[in-house]
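Shown next, in structure tokens, is the structure this report addresses.
The values are calculated or read from the model by the stated rules, or taken from the named source; none is laboratory data. Everything quoted here is computed from the prediction, not taken from an experiment. All Cβ positions, glycine included, derive from the backbone under ideal geometry; neighbour counts span all protein chains shown. For accessibility, only protein heavy atoms count, side chains too; no ligands or nucleic acids. Shrake-Rupley method; radii C 1.70, N 1.55, O 1.52, S 1.80 Å.
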Amino acid sequence: MDFDITIIGAGVVGLAIATELSKLNQRILLIEKNAKFGEVTSSRNSEVIHAGIYYEPNSLKAKLCVEGKELLYKWCEQYNVPYVRLGKYIVSVNKEDEENLEFLYQQAIANGVKRLEYVNLEKFHKEEPLIKASKALFSPETGTLDSHKFMQSLENYATNNSVEIVYHHKVVGINKEQDGYAIEVQFQDQKFQILTGMVINSAGLYSDEIAKIIGLDINKLGYRQTFCRGHYFKMSSYKTKIAKHLIYPVPEKNWSGTGVHITLDIAGNLRFGPDVQYLKDNIEDYRIPDERKILFYEDIKRYLPSINYDDLVADQAGIRPKLQKEKEKHKDFIINEESKNGFKGLINLIGIESPGLTASLAIAKYVSKYI
């Protein structure tokens, strides 16, 4: 046996799992097809540390987000990862919004979110004079971090604790063996085999495809993912001081995203996004179609009336793996050890979208219970 445990995928969750398992006396391999860690979903997001407001009570998303937020702030402090606890306002602009805002508030309380409160509008408008709101809910525990430096700290910790990490290596086949798994790996024009006792599938956008090549029926099990692109726009350089906090509009109850919101990174740079656009095919297409700009403008103008169309400049796009199709009710993370499906020692992580970054360290602890 070459390794006791092989982790597929060096996004933030795969790195967090490698970090957590490196505390064990095991031979661990982390394998990634790209040139470095976090090149896909983990590096194309809002970098927000979520409080746990948006997720159905008792779901893995809710539990792991609330737990993961605390672990993440502690990690940032201990390993000098830049972060800022900015706080977030969720704002309503009309009566329908206010009903949805109250729904979010009650859900957040059920999830164990602390220090969440409605803010007096006079106080809110003093802090955020450009933002239109009929009610404002404040989450002081929400923040942002430098996700690249966070992932770098995880990689450093794992490798310093004897985890072997290889890049530019693509998994092209996996076969169940008597005592574990034989993983077929492609590096450039060469193919070779790795023998491992356990496989942890944390392949992000392609985690369903990895489950499929192992031999699982991803349609029957509900593992098939759909690519959903989110776009970001930034402000013209001369108009960046429009908010001091993260500003989120109230999403609809059957939300597929958190709405086009204002984020500020640790350097104070302002962005809007992401929106939600389901892609017809599961292809990594990071273009920002021209028509998205007017949609952004119309969404943002609801709570930022002073914005002009020409203020918006296309920034970047990211793709999330969704287990639900467009207009379907949102679904929870899938984190399963597959003994019941005939694959002992295989752990699948499917549909790990937001709040995957916030929850990453808690997800890693959850996975470690299966080892």
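The table for this structure:
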{"quantity": "For the stretch 93-159, alpha-carbon Rg relative to the globular expectation (2.2 N^0.38 Å, N residues)", "calculated": "1.57"}
{"quantity": "Contour excess over end-to-end distance, with Cα ends at Leu121 and Glu99 and 0.36 nm allotted per residue", "calculated": "6.2 nm"}
{"quantity": "The stretch 309-316 - phi-based ³J(HN,Hα) in whole Hz, Karplus 6.51/-1.76/1.60, Gly and Pro as x", "calculated": "3, 6, 5, 8, 10, 4, 10, 8"}
{"quantity": "Among His125, Tyr105, Asn25 - extreme Cα towards positive end, dipole of the chain, charges at beta-carbon", "calculated": "His125"}
{"quantity": "Given charges at Cβ of Lys, Arg, Asp, Glu: the chain dipole, positive-most of Phe343, Asn219, Pro355", "calculated": "Pro355"}
{"quantity": "Accessible area of Asp315 in the full protein assembly, 1.4 Å probe (Å², nearest 10)", "calculated": "60"}
{"quantity": "Pairwise FRET efficiency - Asn34 versus Lys365, Cβ, R0 = 30 Å, nearest 0.05", "calculated": "0.70"}
{"quantity": "Positive minus negative residues near Glu338 (Lys, Arg vs Asp, Glu; Cβ under 12 Å)", "calculated": "+1"}
{"quantity": "Selected from Ser42, Ser306, Phe233, residue furthest toward positive end of dipole (the chain; charges at beta carbon)", "calculated": "Ser306"}
{"quantity": "Antiparallel DSSP beta bridges within the chain, percent to nearest 5", "calculated": "70"}
{"quantity": "Sum of -39500 (n - 2.57) over DSSP H runs of 4+, divided by residues of the chain (222 nm, nearest 500)", "calculated": "-8500 deg cm²/dmol"}
{"quantity": "Label-point gap, in nm, between Gln26 and Leu195 - each point 7 angstrom along Cα→Cβ", "calculated": "1.9"}
{"quantity": "Euclidean distance between Cα centres, the stretch 294-312 to the stretch 121-170, Å", "calculated": "25"}
{"quantity": "Heavy-atom accessible surface of the chain: percent carbon and sulfur, 1.4 Å", "calculated": "47"}
{"quantity": "Under Karplus coefficients 6.51, -1.76 and 1.60, residue-wise ³J(HN,Hα) of the stretch 329-341 in Hz, glycine/proline x", "calculated": "4, 5, 10, 7, 4, 10, 10, 10, 8, 9, 4, 5, 9"}
{"quantity": "Calculated FRET efficiency for the pair Arg85/Met1, C-beta based, R₀ 56 Å, to 0.05", "calculated": "0.80"}
{"quantity": "Total charge dipole magnitude, the stretch 133-269, about the Cα centre, Cβ charges on Lys, Arg, Asp, Glu only, Debye to nearest 20", "calculated": "840"}
{"quantity": "Aspartates and glutamates whose Cα lies under 18 Å from that of Lys220, excluding same-chain neighbours fewer than 8 positions away", "calculated": "Asp208, Glu209, Glu328, Asp332, Glu337, Glu338"}
{"quantity": "Exposure rank, largest accessible area first [Lys293, Lys234, Lys322; 1.4 Å]", "calculated": "Lys234, Lys293, Lys322"}
{"quantity": "Extension reserve of the Lys325-Asn308 stretch, reckoned as 0.36 nm per residue once the Cα distance is removed", "calculated": "2.8 nm"}
{"quantity": "Cα centre as origin, Lys/Arg/Asp/Glu Cβ charges: the chain dipole, Debye", "calculated": "440"}
{"quantity": "Residue of Pro355, Pro82, Pro274 that the Gaussian network model of the chain assigns the largest fluctuation, springs spanning Cα pairs under 10 Å", "calculated": "Pro82"}
{"quantity": "Over 21 Å (Cα to Cα) - which of Lys149/Lys369; Lys36/Lys74; Lys23/Lys176; Lys61/Lys135; Lys33/Lys61; Lys132/Lys301 fall in this group", "calculated": "Lys149/Lys369; Lys36/Lys74; Lys23/Lys176; Lys61/Lys135; Lys33/Lys61"}
{"quantity": "Under 16 Å from Lys327, Cα to Cα: aspartates and glutamates that are on another chain or at least 8 residues apart", "calculated": "Glu252, Asp275"}
{"quantity": "Electrostatic dipole magnitude of the stretch 56-115 [Cβ: Lys, Arg +1; Asp, Glu -1; Cα centre; debye, to 20]", "calculated": "360"}
{"quantity": "Proximal aspartates and glutamates to Lys241, defined as alpha-carbon separation beneath 16 angstrom and excluding residues fewer than eight positions away on the same chain", "calculated": "Glu127, Glu128, Asp265, Asp311"}
{"quantity": "Stretch in the chain that is longest and holds no chymotrypsin sites (Phe, Trp or Tyr not before Pro) that DSSP places in a loop and that have at most 13 other beta carbons within 10 Å", "calculated": "1-237"}
{"quantity": "Average accessible surface area per residue within the stretch 216-371, 1.4 Å rolling probe, Å²", "calculated": "46"}
{"quantity": "With DNA, RNA and ligands ignored, accessible area of Met1 (1.4 Å probe; Å², nearest 10)", "calculated": "100"}
